[in-house]
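Below is one structure; the comments refer to it alone.
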Amino acid sequence: MVELSGVLGVAMIALGMVLTPGPNMIYLVSRSITQGRRAGVVSLSGVAVGFLVYLVATNLGLSVVFLAVPELYVAVKLAGAGYLAYLAWTALRPGGVSVFAPRELPHDSARRLFTMGLMTNLLNPKIAIMYLSLIPQFISLEAGNVLLQGFVLGSVQIMVALTVNLGIVLAAGAIAVFLARRPSWLRTQRYLMGTALGLLAVSVAMDSSAPATSG
């Protein structure tokens, strides 16, 4: 049986992660604003499948690979930190634009929207670190069936992330209009997002913890 403290712990971590600007939020917001809510929902379905891939792969032993080859784990973390740093620079650089600023983007097909949502999530360093290092910390050996606990806790993370992301998708257009009428707020949002991404990049790069295994 999964302990309540574990469920609450994972839920809080998932909430903090999803509210921190990152690749998933940037992609979902940009598509929702430029192509409408339906495009945002299709993109979110791709993100959801990405979560499921991580859930299954991690619980079936992906973390064991990283434990056996720690250099690979370090490489993945550094690559993710580099990507986050690039996103931070994109937001903070002179002439940068807010994720909520309307822009011209080509309208993609439903298949491409789904695929891009999937790939954005699979390459998201925040999600990789959460599944490989954070969620396993809430698994209790005394509670029995470690594999089942891993799937339950991962499902909690997915429910929290999808609920919040769906709210962002549905509200993105209204938020964009609200901020467009207040240029100073739009600028502030961009700086806050860029700073958060930069701090996350540094945190990821300097994290010396090893991946935990749930098996």
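The values are calculated or read from the model by the stated rules, or taken from the named source; none is laboratory data. Only a predicted model underlies this, so the values are computations on that prediction, with no experimental measurement involved. Note: ideal-geometry Cβ built from the backbone for every residue, glycine included; neighbour counts use all protein chains shown.
For the stretch 1-27, what are the residues that are of a type in the set (Ser, Thr, Tyr) and not in a helix (DSSP H, G or I)? So that I can check it myself, show each step before the final result.
Within the stretch 1-27, the subset of a type in the set (Ser, Thr, Tyr) is 5, 20, 27.
Correct list: Thr20 only.
Taking the listed residues Ala172, Ala212, Ala180, Ala176, the one that is out of contact with any Asp or Glu (no Cβ under 6 Å at 6 or more places or on another chain) and at pLDDT 70 or above is Ala172, with no other qualifying.
Of the candidates Ser45, Ser30, the single residue that is closer than 25 Å to Val152 by Cα, in a helix (DSSP H, G or I) and modelled with pLDDT of 80 or more is Ser45.
Would you check if Val18 is surrounded by 15 or more Cβ atoms within 10 Å (Cβ to Cβ) and touching a Phe, Trp or Tyr at 6+ places or on another chain (Cβ under 8 Å)? No: the conditions fail for Val18.
On the basis of being closer than 20 Å to Val53 by Cβ and assigned to a helix (DSSP H, G or I), does Met130 make the cut?
Yes, satisfied.
Among the residues that make up the stretch 98-112, is at least one of them under 20 Å from the mean Cα position of the chain (by Cα), assigned to a helix (DSSP H, G or I) and either modelled with pLDDT under 80 or surrounded by 14 or more Cβ atoms within 10 Å (Cβ to Cβ) (or both)?
From the stretch 98-112, those under 20 Å from the mean Cα position of the chain (by Cα) are 98-100, 112; that's our starting set.
In the following step, the residues that additionally are assigned to a helix (DSSP H, G or I) were identified as 112.
From what is left, the residues that are either modelled with pLDDT under 80 or surrounded by 14 or more Cβ atoms within 10 Å (Cβ to Cβ) (or both) are 112.
The answer is yes; a qualifying residue exists.
Can you name the number of the only condition in (1) under 30 Å from Arg38 (Cα atoms); (2) at pLDDT 75 or above; (3) aliphatic (A, V, I, L, M) that Leu78 fails? It fails just one condition, (1). Modelled with pLDDT under 90, buried (at least 20 other Cβ atoms within 10 Å of the Cβ) and under 27 Å from Leu192 (Cβ atoms): is that true of Val2 in this structure? Considered against the rule, which asks whether it is modelled with pLDDT under 90, buried (at least 20 other Cβ atoms within 10 Å of the Cβ) and under 27 Å from Leu192 (Cβ atoms), Val2 comes out as no. The condition (being among the hydrophobic types (A, V, I, L, M, F, W, C), part of a helix (DSSP H, G or I), out of contact with any Lys or Arg (no Cβ under 8 Å at 6 or more places or on another chain) and modelled with pLDDT of 90 or more) is satisfied by just one residue among Ile158, Ile135: Ile158.
Only one entry of Gly150, Gly95, Gly61, Gly117 meets the criterion of being modelled with pLDDT under 80 and outside any loop (DSSP other than H, G, I, E, B), and that entry is Gly61. Checking each residue in the stretch 33-42 for being closer than 27 Å to Ala85 by Cβ and either aromatic (Phe, Trp, Tyr) or modelled with pLDDT of 90 or more (or both) picks out only Gly40. Criterion first (within 22 Å of Glu3 (Cα to Cα), surrounded by fewer than 18 Cβ atoms within 10 Å (Cβ to Cβ) and of a type outside the set (Gly, Ala, Ser)) does Leu147 satisfy it? So Leu147 fits the description; yes.
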